[in-house]
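Step one of this worksheet: look at the structure below.
The values are calculated or read from the model by the stated rules, or taken from the named source; none is laboratory data. Note that this is a predicted model, so its numbers are computed, not measured. As a convention, Cβ positions derive from the backbone with ideal geometry for all residues, glycine included, and neighbour counts pool all protein chains shown. Surface accessibility is based on the protein's heavy atoms, side chains included, excluding ligands, DNA and RNA. Shrake-Rupley method; radii C 1.70, N 1.55, O 1.52, S 1.80 Å.
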Amino acid sequence: MAVSTASREPSTLAAPVRTRARTALRPLAPGDAHISGGFWRTRQDRNRVDALAAGYEQLETSGTLDNFRIAAGTSTGHARGMIFQDSDVYKWLEAVAYEIGRAEDPVLRSRQQEVTALVAAAQQSDGYLNSVHQLRHGPEERYTDLAWNHELYCYGHLFQAAVAQARSTGETTLLDVSLRVLDHLVAVFGPGHHEGVPGHPEIEMALVELYRETGRNDALELARFFLDRRGHGYLSGLGHEPTYFSDRVPVREASTVEGHAVRALYLAAGATDLAIEDADTELLAHLRSVFATMLATKTYVTGGMGSRWAGEAYGDPYELSTDHGYAETCAGIAAVQWAWRLLLASGDEQYADLIERALFNAVLPGVSLGGTEFFYVNPLQLRSNAQVTGGTSAANGRRGWFQCACCPPNVMRTLSSLDQYVATSTDDGLQIHQFANGTYTAEVGSERLSVEITTDYPHDGRITLRVVEAPEVAASLSVRIPAWAGSALLDAGDGAQEVAGSGVQELDRQFRAGEEIVLDIDMTPRFVTAPHRVDASRGAVALERGPLVYAIEQADQEGPAVVDDALVDPSAPVVERPIDDLDGVVAVDLTGAAAAAPSAAAIDRSWPYSTWTPDPAPVTDHVWRAIPYFAWANRGAGPMRVWLPEISGSR
Ligand code: FUB
Ligand code: ZN
């Protein structure tokens with residue numbers, strides 16, 4: 001399809017976030033962050049080649065692209081899908097933009113142009129653009145149901161795609177569409193007009209990014225307006241209270257995250273963007289405190305967010321059920337987005353720790369090893385004979401798409417832009433936050449400090465940083481030492497030194513091209529426990545190895561023992577087993593036992609509770625094989641659990 005496109009600079013992989021105000025750390029300049037091999041590159045390749053192609057087909061078969069054609073008048077029919085279906089296209093376009101920036105590809109480029117043209121054609125003459133709304137509702141109904149109709153949410157995703165497209169592919173068609181939307185929004189929601197609050201936050205961070213890209217102050221003002229207006233209970237609907245919408249208390253007064261997890265986290269990310277651009281240190285400090293409370297009381301060991309199916313919401317403090325846990329893939333992504341902004345603003349590596357935990361254990365479980373099948377919900381346990389409770393239930397196994405398809409394209413854009421989460425720069429140097437093979441460069445004055453990372457992380461803890469380019473003057477190179485690391489050695493050329501527990505190691509000196517700095521992190525598997533108030537995990541341990549949380553899955557177990565009956569002895573030695581299966585993960589064998597499974601007759605017919613006695617119930621010795629949680633359900637969805645009851649409580 002021949003389309004006309006507006007363009008400017010050539011393609012290069014650029015950042016989703018580029019702050020204007022001064023921050024403690026800065027994202028690397030366009031083209032200066034490149035994952036080139038190893039674990040994450042494998043995931044990115046499957047995302048680029050397989051997921052984006054499959055996503056394009058899904059957007060077609062689900063009617064999502066047709067919605068735009070019909071709205072533009074080039075096709076006929078009815079709108080299909082969710083009211084916010086447009087956002088699936090925008091997230092896919094955002095991912096495609098980063099991929100074109102990574103490496104030119106004629107198929108991706110032509111699909112980008114084709115889909116962008118569909119979007120542009122559906123825009124109405126006054127700038128309004130929401131294809132499903134246009135087809136289902138009259139113009140007089142615009143913005144009459146802000147709680148549910150997601151018009152502003154879809155604009156948020158449009159703006160983010162447009163910024164990615166302009167920054168990474170040099171094409172500005174989507175940016176032009178977005179600026180027409182912005183003019184329209186300023187006319188509708190600007191000072192003295194409609195005093196609405198977005199039912200689903202997202203537009204806040206997108207407006208700030210649009211401001212960063214274009215310098216349009218009215219975008220920043222609108223973001224501020226939406227943020228400040230929120231928290232007075234305007235929003236309710238579909239049986240939901242303001243809490244669900246993060247509209248119960250103003251952001252500056254909220255003491256914790258609550259309600260719908262993705263809404264709460266996108267809002268917090270947008271608030272952080274505003275705090276950065278407004279140099280609002282009070283707001284930033286408040287957000288950091290809310291984040292800390294969230295980590296302490298409402299975060300799964302995986303970094304997953306939101307424990308309730310009802311309202312896809314955060315539960316009460318420590319309400320972190322395992323089998324019924326929700327941990328939507330989008331919520332894991334949103335947590336990464338918020339933590340990234342806090343990291344830039346503060347320079348505090350604890351946010352990079354959370355980014356690592358969430359990427360490996362809350363986002364990555366959301367996509368199959370092949371890259372084309374997804375989980376929407378990420379429970380920490382699946383029982384035998386688990387009932388499917390809806391299309392998003394993990395008991396279905398992974399799926400190519402969902403009726404509410406927010407997660408798959410969200411994973412796609414996250415993997416495509418992952419390079420930008422690895423490192424940052426300051427005036428005098430480079431900071432390495434994640435360990436992904438590739439090259440990362442900071443501008444130091446008019447010179448460059450460039451480092452190449454080589455590693456088999458997360459399976460192996462040895463990370464080599466080779467200086468590729470060094471300035472003539474002294475510079476700073478810092479490396480995060482993960483909070484989980486019990487022992488880590490850093491050899492910066494003068495012998496290995498123990499560095500675990502330091503959070504970060506900073507080297508300040510003149511570097512020379514070719515020199516190597518080696519970080520060696522002990523990857524010995526370790527057991528972790530949950531706070532006792534997390535009833536669902538009490539008396540149980542979870543296994544971690546490096547940054548990975550592990551799970552036992554039925555497919556790996558020998559004999560008749562069933563995962564539901566697992567008991568482990570955390571004081572016994574474990575045995576690591578690198579395996580060829582599952583993309584070469586390291587499996588870990590755990591000493592334990594199996595409790596007696598209820599007999600079929602007991603399940604069906606007898607009262608299951610009995611009088612307490614001091615005598616332990618009989619168990620059968622068993623070795624349980626554990627694999628990284630992210631790799632589960634790649635051989636069908638069978639019984640699985642992350643939290644493993646301790647045998648001592650059962651003997
Ligand atoms: O409402 C849009 C998206 O759909 C949310 O972010 C997801 O949680 C799902 O409900
Ligand atoms: Zn989702």
Practice item. Would you pull out the residues with amide H under 5 Å of E646's amide H, same chain only if 5 or more places away, H placed 1.01 Å from N? Key: A540, V541, V568
**Study point:** Long-range Cα-Cα pairs in the range 193-286 (distance over 15 Å), rounded percent
**Key:** 56
Revision key, fill the gap. Placing each pseudo-label 7 Å from Cα in the direction of the beta carbon, E104 and D323 end up separated by a distance in nanometres of 5.6
**Study point:** Selection of trypsin sites (Lys or Arg not before Pro), the range 40-116, meeting DSSP coil and at most 11 other Cβ within 10 Å
**Key:** none
Check your understanding: Taking one equal scatterer on every alpha-carbon of the range 350-417, how large is log10 of I(q)/I(0) by Debye at q = 0.12, 0.15, 0.26 1/Å?
Key -> -0.34, -0.51, -1.20
Practice item. Could you work out how far the C-alpha centroid of the range 234-259 sits from that of the range 456-533, in angstrom? Key: 41
Review point. In the range 438-487, which GluC sites (Glu not before Pro) are in a loop and have at most 11 other Cβ atoms within 10 Å, using DSSP for the loop call?
Key: E472
Point to revise | Protein accessible area in the chain, 1.4 Å probe - carbon and sulfur % | key: 49
Exercise for review: Grab the Cα-Cα distance for V619 and R577, subtract it from 0.36 nm times how many residues apart they are, and report the gain in nm with one decimal.
Suggested key: 12.6 nm
Exercise for review: Under 15 Å from the Cβ of A313, count the other residues' Cβ atoms, weight Lys and Arg +1, Asp and Glu -1, and hand me the total.
Suggested key: -3
Review point. Once phi is turned into ³J(HN,Hα) by the Karplus curve 6.51 cos²θ - 1.76 cosθ + 1.60 with θ = phi - 60°, what whole-Hz value does each residue of the range 318-331 show in order, with x for glycine and proline?
Key: 6, 7, 10, 5, 9, 6, 9, x, 9, 6, 3, 4, 4, 5
Exercise for review: May I ask you to give the solvent-accessible area per residue for the chain, in square angstrom, as obtained with a 1.4 angstrom probe?
Suggested key: 37
Check your understanding: Can you pull the percent of Cα pairs in the range 552-651 with separation above 22 Å?
Key -> 36
Revision key, fill the gap. Note, V642: beta-carbon cut-off 11 Å, +1 each Lys/Arg, -1 each Asp/Glu, net -2
Point to revise | the chain: radius of gyration over Cα atoms, expressed as a fraction of 2.2 N^0.38 Å | key: 0.96
Review point. Taking H as built 1.01 Å from N, whose amide H comes closer than 5 Å to the amide H of V504, not counting residues under 5 places away?
Key: I481
Study note, to complete from the structure: The ³J(HN,Hα) series, computed from each phi in the range 626-643 with the Karplus coefficients 6.51, -1.76 and 1.60 at θ = phi - 60°, rounded to the nearest Hz and given as x for glycine or proline, is 10, 10, x, 4, 4, 8, 5, 6, 9, 10, x, 9, x, x, 8, 8, 8, 8
Review point. For the chain, what is the percent of antiparallel DSSP beta bridges, rounded to the nearest 5?
Key: 95
